[in-house]
Amino acid sequence: VLDAIQPVMNRVREQSVYRAKFSSITDTDIWNAMDHLGEPNRNEALSVDARQELDLRIGCAFTRFQTKYFQGKYGNLDSTLISFGPCQTPTLGFCVERHDKIQSFKPETYWVIQAKVFKGKDSPLTLDWSRVRVFDREVGQMFVNLAKTSRVAQVESVSKKEKAKQRPQALNTVEMLKVASSSLGMSPQHTMQIAERLYTQGYISYPRTETTHYPENFDLKGALKQQSSNPYWAEEVKALLSTGLNRPRKGSDVGDHPPITPMRAASEGELGSDGWRLYDYITRHFIATVSQDCKYLQTTIDFTIGSEAFSCSGKTLISAGYTAVMPWQGIPLEEALPACECGDTFTVDEIKLVEKQTSPPDYLTEAELITLMEKHGIGTDASIPVHINNVCQRNYVTVENGRKLKPTNLGIVLVHGYYKTDAELVLPTIRSAVEKQLSLISLGKANHQQVLQHTLDIFKRKFHYFVDSIPSMDELMEVSFSPIAASGKPLSRCGKCHRFMKYIQAKPSRLHCSHCDETYSLPHNGAIKLYKELRCPLDDFELVLWTSGPRGKSYPLCPYCFSNPPFRDMKKGMGCNECTHPSCQHSLNSLGIGQCVECDGGVLVLDPTSGPKWRMACNTCNVVVHFFEHAHRVQVAQESCEACDASLVAVDFNKTRTPLPAGETQHTGCVFCDPVFQDLVELKHATMRYRDKMAALAAYFV
């Protein structure tokens, strides 16, 4: 901002620039920020600049190389974008590391003694064995035999101890993301989008913070009073206000923003479903931080049966404390333990040896992954959701039930390939070291340019080594994916050898001629089919038809011309609807009607395959014009409209369904100016199969 405004500021003797710092959009915070203006911290800005430049340079270099290398080699590999990022790749590494542990896990059999005892008419108690478990069946049977020498269980001791379950620390971003994923079922990316909306609307304080400690001057009572009228927690809030707030637990103060706090009251109707669920949790968490701890009585009874020791324990609630507003953390209601004293005896109901097996760990949940990323310094509180979203969007992991992250075949092969070539590309150590250097820049303890150059030099060497070592990663790819020549189904003929080329649907969709060993790109986000076995007059390739769906637009294209533009005014990726061939019946010159009604530069082109629901579509934007439904034939005439210079259209209707006046079946005119055609034209927007945001995907390299 300073670089942009200082050159154009009024020239005075002293230029003064101040920065207002606030953490919530409330009158009090804004006025307080304006009363305590500070100076901008250039070191913090330089630290962010360095991170952006490093991530972009490193990400672009590795992503471009490995995408281009693998794109034309395998048919069933989604190689639209095989991205690498200094944070994204270690994030994927954590997921694959857990997958490898699951795959290599070998279950072990173990045995436990299960004992049940009762006293009088009380329900039987299930006791826990003090040895927990043994891995030898004969040893376990020996302990069972020793225990079975007695038919009574003697009480050795009864202990009662009052314990407390601590209220939570104040809420920061990482904790909010973990709870939203594990308890609310919301992805970190979605959670941050909602939190940012709640902040800009003034409902909560700034949601990007690492701090879990409230400053001494924070108005806790004022924030709590805002919640005194909400029926969900009004009773607890009023009780706190009358008895006095409990000082929140001491947390860490990173010096960025106060913990996430509700700033004003809200209702579900105001915020919507997901907005309310997140606001509800943030508010309950805040109330819990200023409440009393939860107190309970833990009773433990120790038994001996024969020579073996057993025990059982139970909890009785004394004071709910903060769990009144966070009931899911409360002490569960348990059946009370029978009253007994040391020396009492219970009758043994059963003693048996139970065989069990150790179980493998489960796939990482988003909450567990966030914990690992925070522990190893991968990303910041603000960027962690982006990195997790990226590995999902790139098809490196899939989100299973319970928001567990299961790596795909591609994700597994990539990580194993990085380990094989250069493990530091996927391990968190090097990124963690870079983050420490960036922190030093923000504190003014390291030089921005030196850190930048040093890190780039390291990754430049790593990049060159990676390029030289890529065949070792390719060996893993060969095992997991099919060669392009063995993939796809025959679709259209090659113009060079006149043999059938295979259509490969896996992203990016393409045609491959195994005889010529050539691959031709196709448009994305749509379906491809053969176009009437017609051929391009320039190269003799059979044309194919691309369509975005029944409600979208479609156009023919030549696979060769699509990748190799035949005319100077054409670019790669243009179909027949943009081809400037002077006489081809499929080109823009033959089927173009007039300028697009919405965008600049686009031309509305007749879709000759759309009958009997005829339409013309813009060759640049997604405008579609429906016209002349049930017409027998629609053709673009050579003549032009005198008023608007659009090409005239000749329409031939069926006698029984003609909408033309006096039962006429044929008419030639301008679709824009002719009054006869006025009621027969309808403007719409094409329905695309995939959202436009897919185009922005490539912008994220980290």
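The values are calculated or read from the model by the stated rules, or taken from the named source; none is laboratory data. Because the structure is predicted, anything quoted here is derived from the model rather than measured. So basically every Cβ, Gly included, is an ideal-geometry build from the backbone, and we count neighbours across all protein chains shown. Please note that ligands, DNA and RNA were not included when accessible areas were found on the heavy atoms of the full protein model with its side chains. Shrake-Rupley method; radii C 1.70, N 1.55, O 1.52, S 1.80 Å.
Things worth noting here:
- Any chance ILE30 is of a type in the set (A, V, I, L, M), in contact (Cβ under 8 Å) with a residue 40 or more places away in the chain and farther than 30 Å from LEU364 by Cβ: no
- All conditions in (1) of a type in the set (A, V, I, L, M, F, W, C); (2) farther than 19 Å from ARG57 by Cα; (3) touching a residue at least 40 places away in the same chain (Cβ under 8 Å) hold for VAL434, with the sole exception of (2).
- Residues satisfying the stated conditions in segment 200-221, i.e. exposed (fewer than 14 other Cβ atoms within 10 Å of the Cβ) and either touching a Pro at 6+ places or on another chain (Cβ under 8 Å) or without any contact (Cβ under 8 Å) to a residue 40 or more places away in the chain (or both): PRO215, GLU216, ASN217, LYS221
- Unique residue being over 24 Å from GLN635 (Cα atoms) and buried (at least 21 other Cβ atoms within 10 Å of the Cβ) when the list is CYS536, CYS561, CYS576: CYS561
- Residues of segment 313-343 that turn out to be open to solvent by 40 Å² or more (accessible area, probe 1.4 Å) and either touching a Pro at 6+ places or on another chain (Cβ under 9 Å) or under 15 Å from ALA288 (Cα atoms) (or both), as a count: 6
- Of all residues in segment 326-345 being small (Gly, Ala, Ser) and touching a residue at least 12 places away in the same chain (Cβ under 8 Å), the one that is nearest to SER157 (Cα to Cα): GLY343
- Leading residue by the ranking (most open to solvent (accessible area, probe 1.4 Å)) among those in segment 226-269 that are in contact with a helix residue (DSSP H, G or I) (Cβ under 9 Å, 6 or more places away or on another chain), more than 16 Å from ARG284 (Cβ to Cβ) and free of Cβ contacts under 8 Å to residues at least 40 places away in the same chain: GLY269
- For segment 49-100, the tally of residues that are part of a loop (DSSP other than H, G, I, E, B), of a type in the set (Gly, Ala, Ser) and open to solvent by 10 Å² or more (accessible area, probe 1.4 Å) stands at 1.
- Members of segment 310-334 that are within 14 Å of THR300 (Cα to Cα) and not hydrophobic (A, V, I, L, M, F, W, C): SER311, SER313, GLY314, LYS315, THR316, GLU334
- Exactly one residue out of MET501, MET473 is farther than 30 Å from ASP539 by Cβ and open to solvent by less than 40 Å² (accessible area, probe 1.4 Å): that is MET473.
- Within segment 123-141, the set of residues being out of contact with any strand residue (DSSP E or B) (no Cβ under 9 Å at 6 or more places or on another chain) and open to solvent by 80 Å² or more (accessible area, probe 1.4 Å) comprises just one member, GLU138.
- Taken together, the residues in segment 36-75 that are hydroxyl-bearing (Ser, Thr, Tyr) and in contact with a strand residue (DSSP E or B) (Cβ under 9 Å, 6 or more places away or on another chain) amount to 1.
- Every listed requirement among (1) within 26 Å of ARG394 (Cα to Cα); (2) open to solvent by 20 Å² or more (accessible area, probe 1.4 Å) is met by SER509 save one, (2).
Residues checked against (1) outside any strand (DSSP E or B); (2) touching a residue at least 12 places away in the same chain (Cβ under 8 Å); (3) of a type in the set (Asp, Glu):
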site: PRO550; (1), (2), (3): yes, no, no
site: TYR555; (1), (2), (3): no, yes, no
site: THR580; (1), (2), (3): yes, yes, no
site: ASN589; (1), (2), (3): yes, no, no
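- Options LYS655, LYS613; residue that is open to solvent by 90 Å² or more (accessible area, probe 1.4 Å), without any contact (Cβ under 8 Å) to a residue 24 or more places away in the chain and in contact with a Ser or Thr (Cβ under 9 Å, 6 or more places away or on another chain): LYS655
- Helices (runs of 4 or more DSSP H) fully within segment 219-297 counting 3 or more residues that are closer than 24 Å to LYS21 by Cβ: 220-225, 273-289
Here's the yes/no breakdown for (1) of a type outside the set (Lys, Arg); (2) surrounded by 14 or more Cβ atoms within 10 Å (Cβ to Cβ); (3) closer than 23 Å to ILE528 by Cβ; (4) more than 40 Å from the chain's Cα centre (by Cα):
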{"residue": "LEU545", "(1), (2), (3), (4)": "yes, yes, yes, no"}
{"residue": "CYS618", "(1), (2), (3), (4)": "yes, yes, yes, no"}
{"residue": "HIS630", "(1), (2), (3), (4)": "yes, yes, no, yes"}
{"residue": "GLU642", "(1), (2), (3), (4)": "yes, no, no, yes"}
{"residue": "ALA646", "(1), (2), (3), (4)": "yes, yes, no, yes"}
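- One residue from LYS375, LYS352, LYS356 being in a helix (DSSP H, G or I) and over 15 Å from SER181 (Cα atoms): LYS375
- Enumeration of residues in segment 354-386 that are open to solvent by 50 Å² or more (accessible area, probe 1.4 Å) and among the acidic types (Asp, Glu): GLU355, ASP362, GLU368, GLU374
- A single member of SER181, SER159, SER150 is in contact (Cβ under 8 Å) with a residue 60 or more places away in the chain, open to solvent by less than 70 Å² (accessible area, probe 1.4 Å) and part of a loop (DSSP other than H, G, I, E, B), and it is SER150.
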